[in-house]
Amino acid sequence: MAKNLATKILEAHLVKGELIPGTEIAIKIDQTLLQDATGTMAMLEFMAMGVDRVKVELAAQYIDHNLLQTDNKNADDHIFLMTAAERYGIHLSKPGNGVSHQVHLERFGVPGKVMLGADSHTPSAAGVSMLAIGAGGLDVALAMAGHPFYLPCPKIWGIKLTGALQPWVSAKDLILEMLRRHSVKGGVGRIVEYYGDGVKTLSATDRAVIGNMGAELGATTSIFPSDERTKEFLEAQGRGECWTPLEADAGALYDEYDEIDLSTLEPLIAKPTSPDNVVPVRELAGLKVDQVLVGSSANSAFRDLMSACRILEGRKVAPHLSFNVNPGSRQVIENVAAEGGFLMLLQAGAQVHQPGCLGCIGMGQAPGTGHVSLRTFPRNFPGRSGTKGDQVYLCSPETAAAAGIFGVVTDPRELGRLMEYPNVQNPSKYLLDDSSIIFPLPAAEAEKVEIITGPNILPFPDFSELPENLSVEVILKAGDNISTDGIMPAGSKVLPFRSNIPAISQFVFEQIDPGFAARAMANQPGAVIGGDNYGQGSSREHAALAPRYLGIRLKIAKSFARIHKANLVNFGIVPLVFKDPADYDLLQQGDRLLVPHLRTMIVRGATVIPVEVGERTFLTILDISDRQRRELLSGGTLNYVRTAGNWEEDPHGCL
């Protein structure tokens, strides 16, 4: 039978289960990716497993988020990660070398491989036809230790591309069109596979932009065929030997379909405060812009930055406006500089920053009060920029550059009156420099490395097993589409505490309810009530780990985002879904919920869990695998791995 590409890769890596959508499968992981905001805790979790060396083909640790060294905390974390990487056989990309996704695409991505990354934008590696999946740090640590990755088998969603993008329209507009059509939860439980004649018109870095923001659809990942454009990119990187052709079989079927004629797309922009709040740029024409940022994890490759350079060449940014450029990697800087792009930016009045995530994660570059900020970033969730009530719009480099010149939102096609479309192409041969990557030591030398931990790096906390009866107070009732940014904020104030759970826990729900942490600690155990798509966005496991530290043992929502739901189980928080969504309206903050015989019901495999509130009882659904049930009973995955010894054993004698 003809097979699509995603199915072929999944079949080649399948360890357990069958490829039946919705059922649990386990897949072998070839590569892992950590960044510093998630990597410090993931490394502590890996170390707690007692493994001498990573057991995947390639493990990479990037320092790209916590770059501001305002005191000792980030600097100490960097030294910890460097020494731990040397000790355990992990490639390490030093501060300033670039954003994990861009550097991995350039230097390590291999078509057909499966990668697990502790960052939701790991699917950027779709640019080189990797099946790259975002997950919580503990899941990545387990993969580094040699365990397979467990996930619900996704549907395969075929997106047929035809035609070619018109001048002033780019890959960012394609993924914004997907978000306009399908929303931030349209891809939940799906792998998005792009196919058709239009694919060959997109470069590897174009595809990386689309894969990156596929995470905003809620998709498990995205995938493109490995074709001549993939080969072209790998050869330009001096890695042509890594290329192999990969594509869907002729006549392959998909679980779901959509089709986009690239020639019909126009410049699009996502309004505050969600990536799917998408409209044509022309509808916002004339809106005053105060800040522009080009780069970060999406739209930070050579073509993206050089397009902005060519548009700004010989011109000045508007006097009232701040124009910032965050290159994706040191390699991008070197190649843009070689083409004269840096001089174009500087003479135009732009500010060029070091390669890194920076403003995308709220690490500096926060906009002023009430200011409009146009960004080529992947997310604009409320407050993510670091400014409360921020007005962040997401757009392409072309749209961003046009706003930079005119000082207002401008359809970039208007630039056609001033200049020819730059039509920038990626280099046929990149300037290469791996001097900021520390490669693994031989095992014998690695064993002698001393891991250095600073005073802000604390051991992983101990968590108790799940009790038989669970009586909890509702500490907070939240609405729909609550992101992990809303649960566990990022930014320069919070991120340095990623390896200090007691300290970072004080910031849980800070933007939504500043009193949450104190109230949760005083009323343990607690529960949180959520609406649809609870936990969307970043893969940050701290959005589950920190609430658990505060005593949260139960979350009930209308629906959960995939990664966050898995993270809740990883740290022993029971994720229940309302059987009747109308029951959400019956609950209020301060209610006392009782779940009698919860442990026994989980042991027996119950999926319908009654919850009592006062004299009423409402029904919820526990939709998790047998393996996850064992982990909940143990109080979390790390407890289970420690006590089980063998991954398949059941220390509780149940299930």
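The values are calculated or read from the model by the stated rules, or taken from the named source; none is laboratory data. Keep in mind that what you see is a predicted model, and the values were worked out from it rather than measured. Using ideal geometry, Cβ is built from the backbone for each residue, glycine included, and neighbour counts are taken over all protein chains shown.
Just checking, how many residues over segment 283-294 are in a strand (DSSP E or B) and touching a helix residue (DSSP H, G or I) at 6+ places or on another chain (Cβ under 6 Å)?
3
Suppose we filter segment 54-73 for residues that are within 21 Å of the chain's Cα centre (by Cα) and under 16 Å from Gly364 (Cβ atoms); how many remain?
The number of residues fulfilling the criteria is 6.
So which strands (runs of 3 or more DSSP E) are wholly in segment 1-59 and hold at least 3 residues that are closer than 26 Å to Cys242 by Cβ?
Ranges flagged: 31-35.
Quick check on my filter: what residues within segment 631-641 are buried (at least 24 other Cβ atoms within 10 Å of the Cβ) and either more than 18 Å from Met49 (Cα to Cα) or touching a strand residue (DSSP E or B) at 6+ places or on another chain (Cβ under 7 Å) (or both)?
Leu632
Within segment 508-529, which residues are within 28 Å of the chain's Cα centre (by Cα) and surrounded by fewer than 22 Cβ atoms within 10 Å (Cβ to Cβ)?
Glu510, Gln511, Ile512, Asp513, Pro514, Gly515, Ala517
Residues in segment 220-241: is at least one farther than 26 Å from Asp304 by Cβ and β-branched (Val, Ile, Thr)?
For segment 220-241, residues farther than 26 Å from Asp304 by Cβ and β-branched (Val, Ile, Thr): absent.
Considering segment 409-450 alone, what residues qualify as being assigned to a loop (DSSP other than H, G, I, E, B) and over 24 Å from Met306 (Cα atoms)?
If the condition is that a residue be assigned to a loop (DSSP other than H, G, I, E, B) and over 24 Å from Met306 (Cα atoms), then Phe439, Pro440, Leu441, Pro442, Glu447, Lys448, Val449, Glu450 are the ones that fit.
Which pairs have Cβ atoms under 7 Å, sit 6 or more apart or on different chains, and link a residue in segment 340-367 that is over 25 Å from Pro382 (Cα atoms) to one that is of a type in the set (Asp, Glu)?
Met344/Glu313
Those residues that are small (Gly, Ala, Ser) and modelled with pLDDT of 95 or more, I need them from segment 300-344; list them, please.
Ala301, Ser307, Ala308, Gly314, Ala318, Ser322, Gly328, Ser329, Ala337, Ala338, Gly340, Gly341
Could you figure out which of (1) closer than 19 Å to His104 by Cα; (2) without any contact (Cβ under 8 Å) to a residue 60 or more places away in the chain; (3) not assigned by TED's automatic domain parsing to the domain that holds His104 isn't true of Glu283?
Going through the list (1) closer than 19 Å to His104 by Cα; (2) without any contact (Cβ under 8 Å) to a residue 60 or more places away in the chain; (3) not assigned by TED's automatic domain parsing to the domain that holds His104, Glu283 breaks only (1).
Name the residue that is farthest from the chain's Cα centre (by Cα), counting only residues in segment 605-627 that are surrounded by fewer than 13 Cβ atoms within 10 Å (Cβ to Cβ) and free of Cβ contacts under 8 Å to residues at least 24 places away in the same chain.
Glu615
Looking at segment 407-428, which of its residues are in contact with a helix residue (DSSP H, G or I) (Cβ under 7 Å, 6 or more places away or on another chain) and farther than 21 Å from Leu265 by Cβ?
Pro427, Ser428, listed by residue number.
May I ask you to list pairs of residues, at least six apart or on different chains, whose Cβ atoms are under 7 Å apart, with the first in segment 378-406 being closer than 19 Å to Gly328 by Cα and the second being acidic (Asp, Glu) and buried (at least 24 other Cβ atoms within 10 Å of the Cβ)?
Sorted first by the residue in segment 378-406, then by its partner, the pairs are Pro378/Glu216; Arg379/Glu216; Ser396/Asp173; Pro397/Asp304.
Quick test of your reading of the structure: Ser499 fulfils all but one of (1) buried (at least 23 other Cβ atoms within 10 Å of the Cβ); (2) in a loop (DSSP other than H, G, I, E, B); (3) modelled with pLDDT of 95 or more. Name the failing condition by number.
(3)
Among Ser307, Ser297, which is closer than 30 Å to Pro225 by Cα, within 26 Å of the chain's Cα centre (by Cα), polar (S, T, N, Q) and not in a helix (DSSP H, G or I)?
Ser297
Could you say which residue among Glu57, Glu24, Glu18 is among the acidic types (Asp, Glu), surrounded by fewer than 20 Cβ atoms within 10 Å (Cβ to Cβ) and free of Cβ contacts under 8 Å to residues at least 60 places away in the same chain?
Residue meeting the stated conditions: Glu57.
Give the number of residues within segment 465-485 that are assigned to a loop (DSSP other than H, G, I, E, B) and either without any contact (Cβ under 8 Å) to a residue 60 or more places away in the chain or over 14 Å from Gly535 (Cβ atoms) (or both).
Here the count works out to 8.
So if I check each of Asp261, Asp206, which one is exposed (fewer than 15 other Cβ atoms within 10 Å of the Cβ) and either on the phi < 0 side of the Ramachandran plot or in contact (Cβ under 8 Å) with a residue 60 or more places away in the chain (or both)?
None of the others qualify; the one that does is Asp261.
Across segment 360-401, what is the number of residues that are outside any loop (DSSP other than H, G, I, E, B), modelled with pLDDT of 95 or more and not β-branched (Val, Ile, Thr)?
Counting residues in segment 360-401 that are outside any loop (DSSP other than H, G, I, E, B), modelled with pLDDT of 95 or more and not β-branched (Val, Ile, Thr) gives 10.
This table checks each residue for (1) surrounded by fewer than 15 Cβ atoms within 10 Å (Cβ to Cβ); (2) within 29 Å of Asp119 (Cα to Cα).
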{"residue": "Ala236", "(1), (2)": "no, yes"}
{"residue": "Tyr257", "(1), (2)": "yes, yes"}
{"residue": "Val278", "(1), (2)": "no, yes"}
{"residue": "Gln291", "(1), (2)": "no, yes"}
{"residue": "Arg330", "(1), (2)": "no, yes"}
{"residue": "Leu343", "(1), (2)": "yes, no"}
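Just checking, does segment 270-282 include any residue being in a helix (DSSP H, G or I) and closer than 15 Å to Val99 by Cα?
There is no residue in segment 270-282 that is in a helix (DSSP H, G or I) and closer than 15 Å to Val99 by Cα.
Being assigned to a loop (DSSP other than H, G, I, E, B) and over 15 Å from Tyr549 (Cβ atoms) is the filter; apply it to segment 486-496 and report the residue that is farthest from the chain's Cα centre (by Cα).
Result: Lys493.
Which of the residues that make up segment 345-359 are polar (S, T, N, Q), modelled with pLDDT of 95 or more and outside any helix (DSSP H, G or I)?
Answer for segment 345-359, where residues must be polar (S, T, N, Q), modelled with pLDDT of 95 or more and outside any helix (DSSP H, G or I): just Gln351.
Can you say whether Arg599 is part of a helix (DSSP H, G or I), surrounded by fewer than 15 Cβ atoms within 10 Å (Cβ to Cβ) and in contact (Cβ under 8 Å) with a residue 60 or more places away in the chain, as far as the supplied structure shows?
Taking the combined requirement at face value, the residue does not satisfy it.
Quick grid of which residues meet (1) more than 14 Å from His121 (Cβ to Cβ); (2) within 15 Å of the chain's Cα centre (by Cα); (3) surrounded by fewer than 19 Cβ atoms within 10 Å (Cβ to Cβ):
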position	(1), (2), (3)
Leu179	yes, no, no
Ser183	yes, no, no
Gly189	yes, no, yes
Tyr194	yes, no, no
Asp197	yes, no, yes
Lys200	yes, no, yes
Gly211	no, yes, no
Glu216	no, yes, no
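Quick one: count up the residues across segment 530-580 that are surrounded by fewer than 23 Cβ atoms within 10 Å (Cβ to Cβ) and part of a loop (DSSP other than H, G, I, E, B).
Number of matching residues: 8.
Among the residues of segment 179-190, count how many are part of a helix (DSSP H, G or I) and either more than 30 Å from Asp36 (Cα to Cα) or small (Gly, Ala, Ser) (or both).
3
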